[in-house]
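Asker: I'd like to ask some things about the structure below.
The values are calculated or read from the model by the stated rules, or taken from the named source; none is laboratory data. Predicted model, so just to flag it, every value in this text is computed and none were measured. Here the Cβ positions follow ideal geometry from the backbone for every residue, glycine too, while neighbour counts run over all protein chains shown.
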Amino acid sequence: MKIALLGYGKMGKTIEKLAVEAGHTIVYKSGSSSQSGNLKLANVAIEFSTPETAIANITQCFENNIPVVSGTTGWLSKKADVEKICKERNGSFIYASNFSVGVNLFFELNKQLAKLMKPWKEYTASIEEIHHIEKKDAPSGTAITLAEGIIENHDSTNWSLDKKGDGVINISAKREPEVKGTHTIEYMSQIDTISITHEAHTRDGFAKGAIIAAEFLQDKKGIFSMKEVLGI
Ligand SMILES: NC(=O)C1=CN([C@@H]2O[C@H](COP(=O)(O)OP(=O)(O)OC[C@H]3O[C@@H](n4cnc5c(N)ncnc54)[C@H](O)[C@@H]3O)[C@@H](O)[C@H]2O)C=CC1
Ligand SMILES: O=C(O)C1=N[C@H](C(=O)O)C[C@H](O)C1
């Protein structure tokens, strides 16, 4: 594949390394104030930038008829607008709050656990996420997807950041040096606690998943999810 990298920070650089090792070519890179290469040569774009710049980057790909895989978090209130533009332009788009295969399996485990816990009203569900101190958004996109997975399958009706309340899933967001991404779901009663955790040891899992998504998307039209990419 000929890949455009929109965003060349921690994720852009990790994707470049793994994509080149897998035999792909990077034909374009863009950062906050610099670009190199030619976007129009790309078969597919992979976008990991900032909450403020993601929409313009994705739209630029639709305008150039380039399928786009986006992992940037923190802009999701505008996702419906972006999907509308994708449809109007007959474009190709995959968004995931987390591209790691392990986290996508964890998303399914979370839904199954929520179904199992639904009748047991003595347990309160909560989520904790821990990330590196440079992270701009809180809670993480992954924590929001996990909360949505619980809400679809449990009595909890909403989530909030650092606020406890009946029927509300409390998400706590911690920032510690060098943590790549740790997510824990906890069901606590007065008697005991049940918890499941996913801990990323490196960013390679996110990057590999984004490359798998790009391989899937490069010759398709429409809007897809990681569930479809991974067949889970
Ligand atoms: N979905 C997933 O699997 C994952 C998502 N993320 C998300 O991806 C995003 C990026 O994460 P990192 O690479 O760790 O952040 P980072 O801060 O290391 O890199 C972001 C880069 O975007 C660049 N940038 C700023 N304005 C830009 C513009 N207009 N066009 C292109 N690039 C621009 C910045 O210069 C910076 O180098 C964050 O929103 C993060 O939450 C991170 C890891 C996995
Ligand atoms: O910013 C990060 O680093 C990460 N962001 C994503 C998120 O917000 O969920 C995915 C992963 O946890 C790493």
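Residues are listed down the side, and each one gets a yes or a no for (1) touching a residue at least 60 places away in the same chain (Cβ under 8 Å); (2) in a helix (DSSP H, G or I); (3) farther than 26 Å from residue 214 by Cα:
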| position | (1), (2), (3) |
| --- | --- |
| 94 | yes, no, no |
| 106 | yes, yes, no |
| 112 | no, yes, yes |
| 127 | no, no, yes |
| 145 | no, yes, no |
| 172 | no, no, yes |
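Asker: For the stretch 176-195, which positions are loosely packed, with under 12 Cβ neighbours inside 10 Å and in a strand (DSSP E or B)? Outline the logic, then answer.
Answerer: Just the residues of the stretch 176-195 that are loosely packed, with under 12 Cβ neighbours inside 10 Å, to begin with: 176-178, 190-193.
The one that is loosely packed, with under 12 Cβ neighbours inside 10 Å and in a strand (DSSP E or B): 193.
Asker: Here's something else I'd like to know. Residues of the stretch 76-98 being buried (at least 21 other Cβ atoms within 10 Å of the Cβ), of a type in the set (A, V, I, L, M, F, W, C) and closer than 17 Å to residue 139 by Cα, which ones?
Answerer: 96
Asker: Among the residues of the stretch 118-125, is any part of a strand (DSSP E or B), farther than 22 Å from residue 44 by Cβ and either out of contact with any strand residue (DSSP E or B) (no Cβ under 8 Å at 6 or more places or on another chain) or within 16 Å of ligand 2 (Cβ to nearest atom) (or both)?
Answerer: We begin by selecting, within the stretch 118-125, every residue part of a strand (DSSP E or B); these are 124-125.
Checking the rest, the ones that are also farther than 22 Å from residue 44 by Cβ come to 124-125.
Within this subset, residues satisfying the condition of being either out of contact with any strand residue (DSSP E or B) (no Cβ under 8 Å at 6 or more places or on another chain) or within 16 Å of ligand 2 (Cβ to nearest atom) (or both) are none.
Scanning the stretch 118-125, I find no residue that is part of a strand (DSSP E or B), farther than 22 Å from residue 44 by Cβ and either out of contact with any strand residue (DSSP E or B) (no Cβ under 8 Å at 6 or more places or on another chain) or within 16 Å of ligand 2 (Cβ to nearest atom) (or both), so the answer is no.
Asker: Something else now. Can you confirm whether residue 178 is within 16 Å of ligand 1 (Cβ to nearest atom) and within 18 Å of the chain's Cα centre (by Cα)? Please lay out each step first, then the result.
Answerer: Working: within 16 Å of ligand 1 (Cβ to nearest atom): yes; within 18 Å of the chain's Cα centre (by Cα): no.
Considered against the rule, which asks whether it is within 16 Å of ligand 1 (Cβ to nearest atom) and within 18 Å of the chain's Cα centre (by Cα), residue 178 comes out as no.
Asker: Does residue 195 fit the bill of being of a type in the set (Gly, Ala, Ser), modelled with pLDDT of 95 or more and within 13 Å of residue 95 (Cβ to Cβ)?
Answerer: No; evaluated as a whole, the condition is false for this residue.
Asker: Answer yes or no: is there a residue in the stretch 147-160 that is under 23 Å from residue 75 (Cα atoms), surrounded by 19 or more Cβ atoms within 10 Å (Cβ to Cβ) and within 16 Å of the chain's Cα centre (by Cα). Spell out how you get there, then give the answer.
Answerer: Pass one, the stretch 147-160, residues under 23 Å from residue 75 (Cα atoms): 147-152, 157-160.
With the extra rule that they be surrounded by 19 or more Cβ atoms within 10 Å (Cβ to Cβ), the set shrinks to 147, 149-150, 159.
Add one more test, that the residue is within 16 Å of the chain's Cα centre (by Cα), and what stays is 147, 149.
Within the stretch 147-160 (the criterion being under 23 Å from residue 75 (Cα atoms), surrounded by 19 or more Cβ atoms within 10 Å (Cβ to Cβ) and within 16 Å of the chain's Cα centre (by Cα)), the answer is yes, since at least one residue qualifies.
Asker: So residue 199 passes all but one of these: (1) acidic (Asp, Glu); (2) free of Cβ contacts under 8 Å to residues at least 40 places away in the same chain; (3) exposed (fewer than 12 other Cβ atoms within 10 Å of the Cβ). Which condition number does it fail?
Answerer: Looking at each condition in turn, residue 199 falls short on (3).
Asker: Now for a separate question. Filter the stretch 7-36 for residues that are within 16 Å of ligand 2 (Cβ to nearest atom), without any contact (Cβ under 8 Å) to a residue 60 or more places away in the chain and under 12 Å from residue 49 (Cβ atoms); which is nearest to the chain's Cα centre (by Cα)?
Answerer: As a first pass, look at the stretch 7-36 and keep what is within 16 Å of ligand 2 (Cβ to nearest atom): 7-15, 18.
Adding the requirement that they be without any contact (Cβ under 8 Å) to a residue 60 or more places away in the chain leaves 8-9, 12-13.
When the remaining residues are screened for being under 12 Å from residue 49 (Cβ atoms), the result is 8-9, 12.
Numbers: 8: 17, 9: 16, 12: 14 Å.
Among those that are within 16 Å of ligand 2 (Cβ to nearest atom), without any contact (Cβ under 8 Å) to a residue 60 or more places away in the chain and under 12 Å from residue 49 (Cβ atoms), it is 12.
Asker: Same structure again: If we keep just the residues of the stretch 181-200 that are under 19 Å from residue 145 (Cα atoms) and small (Gly, Ala, Ser), which is farthest from ligand 1 (Cβ to nearest atom)? Even if it seems obvious, please write down each step before you answer.
Answerer: Going residue by residue through the stretch 181-200, those that are under 19 Å from residue 145 (Cα atoms) are 181-187, 195-200.
Filter again for small (Gly, Ala, Ser), leaving 181, 195, 200.
Values: 181: 7, 195: 22, 200: 8 Å.
In this case the residue turns out to be 195.
Asker: Only one of 85, 133, 127 is of a type outside the set (D, E, K, R) and over 29 Å from residue 177 (Cα atoms); which?
Answerer: Numbers: 133 fails: over 29 Å from residue 177 (Cα atoms); 127 fails: over 29 Å from residue 177 (Cα atoms).
Exactly one of 85, 133, 127 is of a type outside the set (D, E, K, R) and over 29 Å from residue 177 (Cα atoms), namely 85.
Table: residues versus (1) within 30 Å of residue 155 (Cβ to Cβ); (2) over 18 Å from the mean Cα position of the chain (by Cα); (3) within 12 Å of ligand 1 (Cβ to nearest atom).
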{"position": "82", "(1), (2), (3)": "no, no, no"}
{"position": "110", "(1), (2), (3)": "yes, no, no"}
{"position": "120", "(1), (2), (3)": "yes, yes, no"}
{"position": "127", "(1), (2), (3)": "yes, no, no"}
